[in-house]
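In what follows, a structure is listed as structure tokens, so that the remarks can point back to it.
The values are calculated or read from the model by the stated rules, or taken from the named source; none is laboratory data. All values reported here derive from a predicted model rather than from experimental measurement. Positions of Cβ are backbone-derived with ideal geometry, glycine not excepted, and every protein chain shown enters the neighbour counts.
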Amino acid sequence: MAQAESVVIIGSGPAGHTAALYTARAALKPVMFEGYSAGGTPGGQLMTTTEVENYPGFAEGIQGPELMMAMRKQSLRFATRIVTEDVTKVDLSKRPFTVASFEQQLATRALIIATGATAKRLNLPGEQKLWNKGMSACAVCDGALPVFRNKELVVIGGGDSAVEESTFLTKYASKVYLIHRREQLRASKVMQQRALDNKKIEIMWDTVVEDVLGEELVRAVRIRNVKTKASRELPCGGVFYAIGFTPNTALFKGQLKLDEYGYVVTNPGSTATSVAGVFACGDVQDKRYRQAVTAAGSGCMAAMDCERWLAEQGHSA
């Protein structure tokens, strides 16, 4: 195997590219595995997002793919070596670490994990056609867009996130239907009461969504009561999933400390993981905020933590 790289980055969303930018400017010559198909498309979730209005610096908003292409171009400008392959295996049991794809195997002194998390979907018949055309998995990201304003909106879920997203959407929607398959929310008591007290939220108990309807934009959902079996159409102008995310951490199971939901555990006030020399940033370790700007910020943190750790090991650029 050739000489070990200073740092390898797995992932190419805002966290990964910010980590690449900072490590490249620190002369660490990062190698980024941007992915190919695992965990979504290279560039992360923003590659499947249309209008982004909450990323600083773009007064008129920017298309998600356009933002990610700009980040990629900036990484390349500072000589990040980008590999468009999926990582199939990592070995963190010995140093240097090993990162392998189907095409190659690299040794690296440090590793930055920025593999993100994938929003869970229901795989409804109309979902593929209407995703990003009135469908989203992030109310905070998309709820303020003009397409959703003053519309009746649907949120699917029953946990704290579902109540938080429903409450957020009431700022813009004329009404929010919170659809839950059971007769009681899974959310905490405080969050349940918040939903019950909000006059703009109507909770539809014992109900599931069978399909999302529309041509160019969402116009309705087909719902079914699980007790009566009765189905009907519910007109709406948007659908938001709040059924959770799956962190893309399968590569690291048994090698890194993960929490009960599969997210990488980082040390308090740091991006360092349970293995020295391995750092995690972005949604793969953040189940609370999950925003492009917070992911980018943690990518900066991971790069700085990584640079300092390498210097302490005597591996400065």
Worksheet item: Taking the stretch 140-169 as the search range and keeping residues that are touching a Gly at 6+ places or on another chain (Cβ under 9 Å) and under 13 Å from G244 (Cα atoms), which one is modelled with the lowest pLDDT?
Response: S161
Worksheet item: Of the conditions (1) crowded, with 16+ Cβ neighbours inside 10 Å; (2) within 24 Å of G44 (Cα to Cα); (3) in contact with a strand residue (DSSP E or B) (Cβ under 9 Å, 6 or more places away or on another chain), A195 fails just one. Which one is it?
Response: (2)
Worksheet item: Taking the stated definitions as given, is R81 surrounded by fewer than 21 Cβ atoms within 10 Å (Cβ to Cβ), at negative phi, touching a helix residue (DSSP H, G or I) at 6+ places or on another chain (Cβ under 9 Å) and basic (K, R)?
Response: no
Practice prompt. Could you figure out which of (1) out of contact with any Ser or Thr (no Cβ under 7 Å at 6 or more places or on another chain); (2) in contact (Cβ under 8 Å) with a residue 12 or more places away in the chain; (3) under 30 Å from R81 (Cβ atoms) isn't true of G158?
Written response: (3)
Worksheet item: If you go through the stretch 12-35 one residue at a time, do you hit one that is part of a loop (DSSP other than H, G, I, E, B), polar (S, T, N, Q) and either at pLDDT below 95 or in contact with a Gly (Cβ under 6 Å, 6 or more places away or on another chain) (or both)?
Response: yes
Discussion item. Being in a helix (DSSP H, G or I) and over 21 Å from the mean Cα position of the chain (by Cα) is the filter here; which residues of the stretch 58-72 pass it?
Written reply: none
Practice prompt. Would you be able to say whether some residue in the stretch 129-148 is in contact with a helix residue (DSSP H, G or I) (Cβ under 8 Å, 6 or more places away or on another chain), buried (at least 17 other Cβ atoms within 10 Å of the Cβ) and over 23 Å from A292 (Cα atoms)?
Written response: no
Worksheet entry | Enumeration of residues in the stretch 242-264 that are part of a loop (DSSP other than H, G, I, E, B) and farther than 16 Å from R288 by Cα | T249, K253, G254, Q255, L256, K257
Worksheet item: In the stretch 282-296, what residues are at negative phi and buried (at least 17 other Cβ atoms within 10 Å of the Cβ)?
Response: D283, V284, Q285, D286, Q291, A292, T294, A295, A296
Worksheet item: Among the listed residues M68, M32, which satisfies the condition of being within 23 Å of L258 (Cβ to Cβ) and crowded, with 24+ Cβ neighbours inside 10 Å?
Response: M32
Worksheet item: Just wondering, is there one or more residues in the stretch 293-308 that are at pLDDT 95 or above and either part of a loop (DSSP other than H, G, I, E, B) or over 17 Å from G16 (Cβ atoms) (or both)?
Response: yes
Fill in: Filtered residues of the stretch 217-257 (kept if free of Cβ contacts under 8 Å to residues at least 60 places away in the same chain, over 18 Å from A162 (Cβ atoms) and touching a Ser or Thr at 6+ places or on another chain (Cβ under 8 Å))
R222, R224, N225, K257
Discussion item. Need the failing condition index for P268 against (1) crowded, with 24+ Cβ neighbours inside 10 Å; (2) closer than 26 Å to L28 by Cβ; (3) of a type outside the set (V, I, T), just the number.
Written reply: (1)
Discussion item. Given the condition of a type in the set (D, E) and modelled with pLDDT of 95 or more, answer yes or no: does some residue in the stretch 90-104 qualify?
Written reply: yes
Worksheet item: What single numbered condition from (1) out of contact with any strand residue (DSSP E or B) (no Cβ under 6 Å at 6 or more places or on another chain); (2) at pLDDT below 95 fails to hold for L76?
Response: (2)
Worksheet entry | Test: S93 is surrounded by 15 or more Cβ atoms within 10 Å (Cβ to Cβ) and more than 18 Å from L46 (Cβ to Cβ) | no
Worksheet item: Hey, among A119, A100, A114, which residue is within 29 Å of Q184 (Cα to Cα) and of a type outside the set (D, E)?
Response: A119
